[in-house]
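Okay, structure first, notes after.
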Amino acid sequence: MQEGALFITYALLCRGERITHLLEWCGAESEGLIALDEEHKAKAPTSRSQLTKSAAAIHELQQSLQSAILVYVSATGAKDVSTVGKFERLHLWGDRMPFKSARVFERTLKLGGEGTVELLAMGLKAQEMYVVRHVSFSGVDFAAQTLRLSLAQRKQYDAAAMLWGLLKTSVTMLSI
């Protein structure tokens with residue numbers, strides 16, 4: 001790898017032969033640091049056939065520079081499981097992983113409803129694989145209430161608990 005740092009936008013990374021030039025500059029055995037700032041702009045659905053140009057470039061970068069350190073950076077935090085396809089280096093799916101593919105990972109997390117991505121983020125944060133800024137709860141009031149659940153609500157709760165158990169087991173397997 002050449003000495004120095006390169007700052008490049010996603011738009012520029014996708015233009016012409018730019019990705020090829022970047023890979024040549026880094027060298028196949030690069031152990032450098034790649035920080036993908038505002039990574040949510042790369043919009044990488046789990047289906048490879050639907051990849052945007054920037055997501056395809058990031059995929060090629062990750063595949064070509066296996067020894068490089070990769071950092072995904074975004075101020076928006078974990079919001080949408082349908083764009084996790086670019087997080088290949090978190091090893092949440094693939095051979096000998098809890099989920100066979102990014103698509104299976106996405107489908108499984110969607111079963112758990114809206115809070116599932118936040119639960120995933122909490123698990124990744126506990127393993128020091130995810131860093132998030134703290135949200136202030138200043139001025140927020142909480143009240144504990146006991147509510148009777150309908151049969152449908154119980155089934156939904158049981159499904160969410162089962163998904164949480166699967167995520168916990170999967171994250172534990174990753175740390176072994």
Within region 82-119, how many residues are modelled with pLDDT under 80 and within 14 Å of Thr169 (Cα to Cα)?
1
Take the residues of region 135-176 that are modelled with pLDDT under 85 and aromatic (Phe, Trp, Tyr): which is most open to solvent (accessible area, probe 1.4 Å)?
Phe142
Any residue in region 52-68 that's closer than 11 Å to Cys14 by Cα and in a loop (DSSP other than H, G, I, E, B): show its pairings with residues that are at pLDDT below 85 and not hydrophobic (A, V, I, L, M, F, W, C) at Cβ separation under 9 Å, as long as the two are six or more apart or on different chains.
Thr52/Tyr10; Thr52/Lys43; Thr52/Pro45
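The values are calculated or read from the model by the stated rules, or taken from the named source; none is laboratory data. Values in this document were obtained by computation on a predicted structure and should not be read as measured data. So basically every Cβ, Gly included, is an ideal-geometry build from the backbone, and we count neighbours across all protein chains shown. Areas reflect the complete protein model, heavy atoms only, side chains present, ligands, DNA and RNA absent. Shrake-Rupley method; radii C 1.70, N 1.55, O 1.52, S 1.80 Å.
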